[in-house]
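Peer 1: The structure under discussion is supplied below as structure tokens; questions concerning it will follow.
The values are calculated or read from the model by the stated rules, or taken from the named source; none is laboratory data. For clarity, every value in this text was computed on a predicted model and none was experimentally measured. Cβ placement follows ideal geometry from the backbone for every residue including glycine, while neighbour counts extend to all protein chains displayed.
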């Protein structure tokens with residue numbers, strides 16, 4: 001017998017499923033809270049629960065695959081490690097492009113002379129002396145480096161030289177932009193490298209946690225990781241290129257939705273703790289975003305499913321917004337639900353709320369809490385105000401008003417949250433679901449108290465936000481429906497074949513669209529509905545999505561095992577390895593193949609293309625073999641560009657893509 005184990009680590013839960021490879025049926029599943037900073041607790045809890053329910057020997061598990069939303073969530077929330085960018089051969093204006101400056105934030109930037117031109121020739125000598133001196137002056141707390149050089153995809157020599165120096169001097173992980181994409185567009189490649197460098201530590205910790213527990217329980221099967229386009233890659237490759245795991249969880253959910261429902265055309269909407277991810281499934285396959293994966297404000301060069309990610313989830317922060325008629329707004333930041341914190345620190349939560357309920361005065365800090373996410377000692381590299389907050393958190397969670405004692409400490413707390421070192425707790429949709437009996441996982445009594453106090457807040461008109469906690473809970477659930485409908489409508493308009501001449505977000509909120517959803521009928525009849533079904537996924541989909549389907553006038557399918565669809569999708573996919581390269585005209589009678597080792601000149605374009613194909617085939621075959629594919633299927637595509645000059649065709653350039661695809665080897669006893 002052979003069994004497949006799928007694991008998905010999300011912002012709130014880690015899920016595991018066991019699938020019988022012969023019958024292709026889910027025979028067991030398990031859940032555990034995602035644990036921070038020690039991810040192994042949540043991973044081991046979910047795996048152990050699934051194996052216990054399956055009642056199978058560990059040595060009969062023949063393949064393990066992991067998907068995660070941690071990378072996606074980190075980028076949406078602006079979290080991750082602190083990095084330094086080495087920017088080679090670019091001018092100041094290029095640093096301002098594609099959101100690169102915003103993505104780097106306040107992290108260090110080192111600019112160097114160097115880089116190459118479009119033909120791969122050196123445009124200026126590389127200044128390694130300046131690199132060594134500036135690296136020596138970097139502040140503490142740097143977790144990795146991103147390196148981007150001008151036209152590195154035509155010649156990676158300067159990026160590779162800088163990487164060698166950085167590894168020698170610091171020993172820290174280094175991400176080179178040419179390893180992540182073969183496309184031109186230096187600032188966008190640099191952005192992708194920065195985000196990759198931020199994520200390395202996080203994904204490495206997750207993979208280590210999974211590997212350690214698999215070894216502990218006696219599972220020797222290969223560990224795979226889901227890439228952002230839904231394909232499987234080896235754990236080692238995911239460690240080196242964690243940016244490829246952005247949208248890993250959503251991509252796995254698409255594969256899981258297809259496997260669970262047999263739908264070939266549908267919108268898939270997956271609600272997690274932090275985000276809602278929406279993608280079109282067409283003809284049985286998800287669409288691939290031709291411009292590169294977009295997560296939050298960033299457009300990367302990572303090939304991934306055309307997923308639209310919105311900062312809306314079961315753990316989204318609830319805001320009172322007097323500027324909106326509905327009075328509430330959810331997200332995009334994730335906080336810990338009060339009902340969950342109360343299961344971990346019941347005396348603190350109930351004590352604070354009982355005192356608040358006994359008073360007629362509003363709670364100055366809004367009844368919020370701050371929770372440290374480190375194990376023993378506070379992390380290094382904190383400034384004076386950050387260290388003061390960390391010291392107050394030494395014994396565990398405390399009230400927000402005790403963690404931040406002055407207004408000037410507010411930004412310091414924000415920086416700790418951004419770096420993933422602490423998390424705040426407050427009212428969320430998960431608390432509203434517990435209040436109304438839609439969920440029963442955590443402490444309903446704590447949710448009731450939190451919502452009672454939250455309802456006392458005043459709107460812009462001076463009225464109470466809600467008369468009862470039940471009324472407030474319904475307002476929050478209604479807002480989940482409202483914002484989820486907006487997410488799905490934006491995605492639907494984006495994928496629709498008609499050119500509506502307006503942005504999708506504007507169309508989704510247009511008065512005519514709203515009238516159509518309301519089926520307005522007076523002098524004008526209006527009606528708007530979706531022409532395809534929606535597949536709702538996620539642990540809370542059953543709680544929220546029925547009303548969403550009614551609002552959109554379409555069939556809403558929430559299949560069995562929708563709560564673990566990501567974990568299912570993680571283990572039923574294929575390995576797909578891809579490599580790209582370019583051949584360019586290099587002057588009269590010469591063409592250049594831009595190989596991984598640098599440009600090489602040929603007389604004929606066909607010779608250059610043959611050399612490039614040989615190298616790319618070898619590269620993808622090696623990666624496929626490392627991922628357990630013994631006999632991959634290859635496909636090669638070439639996009640040639642030429643011009644007719646004096647009645648003769650002149651070669652300009654060609655872009656080549658080589659794919660190797662197959663199922664990973666299933667180990668047997």
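Peer 1: Here is a check on your reading of the model: is residue 230 in a loop (DSSP other than H, G, I, E, B), modelled with pLDDT under 85 and buried (at least 24 other Cβ atoms within 10 Å of the Cβ)? Full working, then the answer.
Peer 2: On the way: in a loop (DSSP other than H, G, I, E, B): yes; modelled with pLDDT under 85: yes; buried (at least 24 other Cβ atoms within 10 Å of the Cβ): yes.
Yes: the conditions hold for residue 230.
Peer 1: Only residues in the range 365-376 that are without any contact (Cβ under 8 Å) to a residue 40 or more places away in the chain count as the first member; pair them with residues that are surrounded by 17 or more Cβ atoms within 10 Å (Cβ to Cβ) and part of a loop (DSSP other than H, G, I, E, B), Cβ under 9 angstrom, at least 6 apart or cross-chain, and list the lot.
Peer 2: Filtered contacts from the range 365-376: 365/404.
Peer 1: Right, next: Looking at (1) out of contact with any helix residue (DSSP H, G or I) (no Cβ under 7 Å at 6 or more places or on another chain); (2) surrounded by 18 or more Cβ atoms within 10 Å (Cβ to Cβ), find the lone condition where residue 184 falls short.
Peer 2: For residue 184, the failing item is (2).
Peer 1: Sticking with this one: Restricting to the range 279-290, count the residues that are surrounded by fewer than 20 Cβ atoms within 10 Å (Cβ to Cβ) and modelled with pLDDT of 75 or more.
Peer 2: First, the residues of the range 279-290 that are surrounded by fewer than 20 Cβ atoms within 10 Å (Cβ to Cβ): 282-285, 287-288, 290.
Remaining after also requiring modelled with pLDDT of 75 or more: 282-285, 287-288.
The number of residues fulfilling the criteria is 6.
Peer 1: Now for a different question. Which pairs turn up if I take residues in the range 45-59 that are closer than 12 Å to residue 2 by Cα and look for partners that are part of a helix (DSSP H, G or I) and at pLDDT 95 or above with beta carbon separation below 9 Å, at least 6 apart in sequence or on another chain?
Peer 2: Taking only residues 6 or more apart or on different chains, not a single pair turns up.
Peer 1: Here are 424, 506: which of them is over 22 Å from residue 551 (Cβ atoms) and not in a loop (DSSP other than H, G, I, E, B)? It would help to see each step written out before you state the result.
Peer 2: Values: 506 fails: over 22 Å from residue 551 (Cβ atoms).
Answer to the check: 424.
Peer 1: Confirm whether residue 531 is within 25 Å of residue 11 (Cβ to Cβ) and under 32 Å from the mean Cα position of the chain (by Cα). Let's see the steps before the verdict.
Peer 2: Numbers: within 25 Å of residue 11 (Cβ to Cβ): no; under 32 Å from the mean Cα position of the chain (by Cα): yes.
When the stated conditions are applied, residue 531 does not pass them.
Peer 1: Restricting attention to helices (runs of 4 or more DSSP H) lying wholly within the range 14-102, give those where 1 or more residues are closer than 27 Å to residue 230 by Cα. It would help to see each step written out before you state the result.
Peer 2: Values: elements: 39-54, 70-76, 92-95.
Here the list reads 39-54, 70-76.
Peer 1: Now for a separate question. Regarding the range 624-638, can at least one residue be identified that is farther than 26 Å from residue 236 by Cα and either under 31 Å from the mean Cα position of the chain (by Cα) or at pLDDT 85 or above (or both)? Please lay out each step first, then the result.
Peer 2: Here is the first cut: in the range 624-638, the ones farther than 26 Å from residue 236 by Cα are 637-638.
Narrowing the set further to residues that are either under 31 Å from the mean Cα position of the chain (by Cα) or at pLDDT 85 or above (or both) leaves 637-638.
Yes, the range 624-638 contains a residue that is farther than 26 Å from residue 236 by Cα and either under 31 Å from the mean Cα position of the chain (by Cα) or at pLDDT 85 or above (or both).
Peer 1: Out of all the residues in the range 481-503, which are assigned to a loop (DSSP other than H, G, I, E, B) and either touching a residue at least 60 places away in the same chain (Cβ under 8 Å) or under 20 Å from residue 549 (Cβ atoms) (or both)? Write out each step before concluding.
Peer 2: From the range 481-503, those assigned to a loop (DSSP other than H, G, I, E, B) are 496-503; that's our starting set.
Hit for the range 481-503 is 496, nothing else.
Peer 1: Between 197, 124, 183, which is assigned by TED's automatic domain parsing to the domain that holds residue 90, under 19 Å from the mean Cα position of the chain (by Cα) and either in contact (Cβ under 8 Å) with a residue 24 or more places away in the chain or not in a helix (DSSP H, G or I) (or both)? Can you show your working first?
Peer 2: Details: 124 fails: under 19 Å from the mean Cα position of the chain (by Cα); 183 fails: under 19 Å from the mean Cα position of the chain (by Cα).
Unique residue meeting the criteria: 197.
Peer 1: Okay, next question. So which residues in the range 509-531 are part of a helix (DSSP H, G or I), crowded, with 16+ Cβ neighbours inside 10 Å and out of contact with any helix residue (DSSP H, G or I) (no Cβ under 8 Å at 6 or more places or on another chain)?
Peer 2: First, pick out the residues of the range 509-531 that are part of a helix (DSSP H, G or I): 511-517.
Then drop every residue that is not crowded, with 16+ Cβ neighbours inside 10 Å, which leaves 513, 515-517.
Passing the criteria: 515, 516.
Peer 1: If a residue must be part of a loop (DSSP other than H, G, I, E, B) and exposed (fewer than 13 other Cβ atoms within 10 Å of the Cβ), how many such residues does the range 596-646 contain? Can you show your working first?
Peer 2: Here is the first cut: in the range 596-646, the ones part of a loop (DSSP other than H, G, I, E, B) are 596-597, 603-604, 627-632, 646.
Filter again for exposed (fewer than 13 other Cβ atoms within 10 Å of the Cβ), leaving 597, 603-604, 630-631, 646.
Matching residues across the range 596-646 total 6.
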